[in-house]
Amino acid sequence: DYVVVKMIPDNRLPPRHLHSVHTGKTFAVIKWESPYDAPDQDMLYAVAVKDLVRKTDKIYKVKTRNSTVEYTIKKLEPGGKYHVIVQLGNMSKESSMKINTVPLSAPDALKIITENDHILLFWKSLALKESNFNESRGYEIHMFDSLMNITAYLGNTTENFFKVSNLKIGHNYSFTVQARCLFGGQMCGEPATLLYDELGTGEDSSASKSGRSTDVAAIVVPVLFLLLVTLGIGFVVLYMRHRRLQNSFTAFANSHYSSRLGSAIFSSGDDLGDEDDEAPMITGFSDDVPMVIA
């Protein structure tokens with residue numbers, strides 16, 4: 001025996017498994033499941049987005065019959081903090097989560113130029129790679145003194161350079177440049193960091209690994225090139241010697257060629273004695289010289 005029981009859908013239940021799928025600089029993709037499986041009608045959800053920095057609220061409505069719902073929240077700010085609440089339109093129980101959007105990137109190519117009594121920090125404009133950044137927002141610069149273990153705020157600028165004075169001899173400094181923080185330092189860009197020592201040498205920590213690899217490549221590539229050139233010259237020399245020996249042997253063989261026998265004749269030297277090498281060759285006798293026989 002068995003009995004079939006059909007549960008009555010409870011629209012007072014909250015959405016299930018609310019989570020973030022992907023978060024960017026100006027958007028966030030969230031996902032959740034319906035309060036119960038296989039809804040038999042369209043369900044209206046209310047998605048409330050609370051800006052925890054600006055203290056503002058926005059509400060979006062989503063109507064669907066799907067058991068799994070995916071929704072993209074747009075028009076967010078880089079580096080922002082948000083509280084997202086999802087519930088049915090009848091104000092049932094809610095599901096909530098917090099989202100932090102991706103901050104603006106760090107400025108590229110941070111460099112130092114040393115002057116007589118000060119240094120100049122230079123970097124590339126962040127607007128070149130960040131469409132959401134306006135130069136009027138500006139940059140802020142911080143300095144960390146490792147000897148004194150003190151971090152100081154140096155100021156902000158809308159330019160792509162900054163002058164730093166009154167540096168102490170024998171101190172090591174770290175400078176950071178980032179998109180200016182908004183609303184009490186709660187929405188900041190990623191910092192670019194540069195190390196500077198008392199000798200006036202700066203090293204970009206974000207590019208130290210790539211710098212080392214570039215230096216290694218600058219050494220290895222010329223060495224490999226010289227090895228290839230040396231091997232090429234060696235092959236050419238060996239080839240020329242081989243050709244010279246081949247030509248010498250051919251000329252030697254032609255000089256000992258007998259047209260009567262149709263082959264070249266070479267003497268092994270076994271039939272010649274040591275005395276024969278020093279004895280003069282007899283070329284013949286003259287008719288007018290008498291032969292004397294003892």
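The values are calculated or read from the model by the stated rules, or taken from the named source; none is laboratory data. This one's a predicted model, so the numbers in the text were calculated from it and none came from an experiment. With ideal geometry, Cβ positions are generated from the backbone for all residues, glycine too; neighbour counts draw on all protein chains shown. These area figures cover heavy atoms from the full protein model, side chains too; ligands, DNA and RNA do not enter into them. Shrake-Rupley method; radii C 1.70, N 1.55, O 1.52, S 1.80 Å.
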Take the range 59-85 and flag every residue that is in contact (Cβ under 8 Å) with a residue 24 or more places away in the chain, open to solvent by 40 Å² or more (accessible area, probe 1.4 Å) and either in contact with a Phe, Trp or Tyr (Cβ under 9 Å, 6 or more places away or on another chain) or assigned to a strand (DSSP E or B) (or both). LYS61, SER67, THR68, GLU70, TYR71, THR72, LYS74, LYS75, LYS81, HIS83
Per the filter on the range 117-149, residues open to solvent by 90 Å² or more (accessible area, probe 1.4 Å) and either more than 26 Å from LYS25 (Cβ to Cβ) or in a strand (DSSP E or B) (or both) are ASP117, LEU147, MET148, ASN149
Inspect all residues belonging to the range 38-53 and state whether any of them is of a type in the set (D, E, K, R), open to solvent by 30 Å² or more (accessible area, probe 1.4 Å) and in contact (Cβ under 8 Å) with a residue 40 or more places away in the chain. no
Count, please, the residues in the range 180-239 that happen to be in a strand (DSSP E or B), over 18 Å from the mean Cα position of the chain (by Cα) and modelled with pLDDT of 85 or more. 4
Hey, any hits in the range 185-205 for a residue that's open to solvent by 80 Å² or more (accessible area, probe 1.4 Å), out of contact with any strand residue (DSSP E or B) (no Cβ under 7 Å at 6 or more places or on another chain) and more than 27 Å from GLY80 (Cβ to Cβ)? yes
Of those in the range 161-181 that are hydrophobic (A, V, I, L, M, F, W, C) and over 18 Å from GLU135 (Cβ atoms), the residue most open to solvent (accessible area, probe 1.4 Å) is ILE169
Hey, does the range 51-58 have a residue that's hydrophobic (A, V, I, L, M, F, W, C) and either outside any loop (DSSP other than H, G, I, E, B) or more than 27 Å from CYS181 (Cβ to Cβ) (or both)? no
